[in-house]
Amino acid sequence: MSVTVESAAPDFLENISAGRHAFQADEPVSAGGQDTAPTPYDLLLASLGACKAITLRIYAQRKRWPLEAVRLSLSHARVHAEDCANCTSGASQIERIEVEIRLLGALSDEQRRTLLAVAEKCPVQRTLTSGVQIRTRVAGV
């Protein structure tokens with residue numbers, strides 16, 4: 001799996017290639033961009049939301065549950081650690097992603113509870129909460 005990001009313009013519009021797919025990222029005008037594409041945080045939230053939705057749909061299909069559709073709303077914010085009841089970080093501010101899931105279909109309460117637990121185990125969420133190490137280096141000329 002490989003993703004390439006190229007900056008060609010003097011502003012913050014980035015060209016992204018992921019396999020045979022091409023898309024862009026940008027910053028809002030208030031941050032010096034042109035707001036012509038999603039921000040990097042928009043893409044991060046989209047990745048998490050897509051992973052949760054796909055995970056839920058696969059699980060429901062395997063169980064033959066009547067899940068008709070999944071709708072997720074996600075947001076990201078930095079909050080003060082003292083405002084967070086479940087925070088373990090000693091930092092004064094922490095990153096928080098809020099996710100609201102709407103499960104459409106004639107599901108029982110037990111099925112909905114199970115699907116909520118399954119959504120918490122999607123691979124992208126596990127990656128984000130695992131303490132990922134990122135190694136960055138400058139490539140040779």
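A few remarks follow.
- Choice from S47, S130, S73 with maximal GNM fluctuation in the chain (Cα, 10 Å cutoff): S130
- In terms of overall dimensions, the C-alpha atoms belonging to the chain reach 56, 43, 31 Å along their principal axes, ordered largest to smallest.
- Value of Rg to Rh for the stretch 90-131 (Rh from inverse mean 1/r over Cα pairs, i.e. Kirkwood): 1.10
- Taking every Cα-Cα distance in the stretch 1-73 and sorting them into 10 Å bins starting at zero, the pair-distance distribution P(r) comes out as 18, 36, 26, 15, 5, 0 percent.
- Measuring nothing but how far apart in sequence close Cα pairs (under 8 Å, 6+ apart) lie, relative to its length, the chain scores a relative contact order of 16 percent.
- Theoretical ellipticity at 222 nm over the chain - DSSP helices of four or more residues, -39500 (n - 2.57) apiece, nearest 500: -9500 deg cm²/dmol
- Comparing mean-square fluctuations of A117, A69, A77 from a GNM of the chain with C-alpha springs under 10 Å, the top value falls on A77.
- Residues V138, V29 arranged by fewest to most Cβ contacts within 10 Å: V138, V29
- If you plug the beta carbon distance of V29 and E6 into 1/(1 + (r/R0)^6) with R0 = 30 Å, you get a FRET efficiency near 0.85.
- Gain on full extension, evaluated as 0.36 nm per residue between A139 and I16 minus their Cα-Cα distance, stands at 42.5 nm.
- Projected label points at V124 and Y41, each 7 Å from Cα along the beta carbon direction, are separated by 1.6 nanometres.
All of the numbers you see were taken from the coordinates with simple rules; none came from a lab. The shown structure was predicted, so the numbers you read here are calculated from the model rather than taken from an experiment. Note that we place each Cβ from the backbone using ideal geometry, even for glycine, and neighbour counts take in every protein chain shown.
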